[in-house]
Amino acid sequence: MSDISENSSQRRTFLGIILGAIGAVIAGAFSWPLFRFLSPIKKSGEAGQVKIPRQQVQVGGAHFFSFQGRPAVLLQPQAGEFVALSAVCTHLGCIVKWVGDKQEFLCPCHAGRFSPAGQVLGGPPPEPLNTYTVAVDGDDILIS
């Protein structure tokens with residue numbers, strides 16, 4: 001009779017190990033997306049730089065692009081002068097649109113308005129748009 005209770009005990013231990021392993025795999029599968037959501041965005045390119053050809057940005061125009069996984073915009077308010085800004089509104093995170101006729105950004109969610117330098121002109125945004133460093137390298141614009 002001791003063989004039966006010993007086998008039963010071994011089976012129970014084996015099942016406990018298997019169920020624990022399955023539980024660990026399921027917990028890992030549910031935890032991974034949460035970890036990826038909370039981890040910082042990885043920078044792309046060389047040291048987080050983006051290179052944009054100069055001819056893609058007309059004087060008075062805007063060129064939207066992705067910078068470090070987020071929407072950004074490059075402006076040329078005057079010939080040879082470039083400004084790079086985040087295209088994410090500081091109010092609720094909507095993507096701003098460039099209104100070329102008025103030479104300003106407009107947030108379509110709550111009518112926030114920003115100047116070409118990113119300063120708040122009106123509406124509910126509490127802060128200006130984030131700015132990025134711009135360098136001219138021949139026929140290319142480097143944003144970092």
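The values are calculated or read from the model by the stated rules, or taken from the named source; none is laboratory data. Predicted model, so just to flag it, every value in this text is computed and none were measured. Counting neighbours? That spans all protein chains shown, and the Cβs are built from the backbone with ideal geometry, glycine included.
Scanning segment 109-133 for residues that are within 16 Å of H63 (Cβ to Cβ) and crowded, with 17+ Cβ neighbours inside 10 Å gives P116, G118, L129, Y132. So how many residues does segment 88-106 have that are assigned to a loop (DSSP other than H, G, I, E, B) and either under 23 Å from Q58 (Cβ atoms) or in contact with a Ser or Thr (Cβ under 8 Å, 6 or more places away or on another chain) (or both)? The qualifying residues number 5.
The sole residue among V96, V83, V136, V73 that is in contact with a helix residue (DSSP H, G or I) (Cβ under 9 Å, 6 or more places away or on another chain), surrounded by 11 or more Cβ atoms within 10 Å (Cβ to Cβ), of a type in the set (V, I, T) and touching a residue at least 24 places away in the same chain (Cβ under 8 Å) is V136. Does G28 satisfy the criteria of being at pLDDT 90 or above, surrounded by 10 or more Cβ atoms within 10 Å (Cβ to Cβ), farther than 17 Å from T133 by Cβ and not assigned by TED's automatic domain parsing to the domain that holds F114? Against the criterion (at pLDDT 90 or above, surrounded by 10 or more Cβ atoms within 10 Å (Cβ to Cβ), farther than 17 Å from T133 by Cβ and not assigned by TED's automatic domain parsing to the domain that holds F114), G28 does not qualify.
Any residue that is closer than 30 Å to G112 by Cα, surrounded by 10 or more Cβ atoms within 10 Å (Cβ to Cβ) and of a type in the set (D, E) - is there at least one of those in segment 41-49?
No: zero hits.
Considering L74, L129, L85, the condition of being part of a loop (DSSP other than H, G, I, E, B) and under 21 Å from the mean Cα position of the chain (by Cα) is satisfied by L129 alone.
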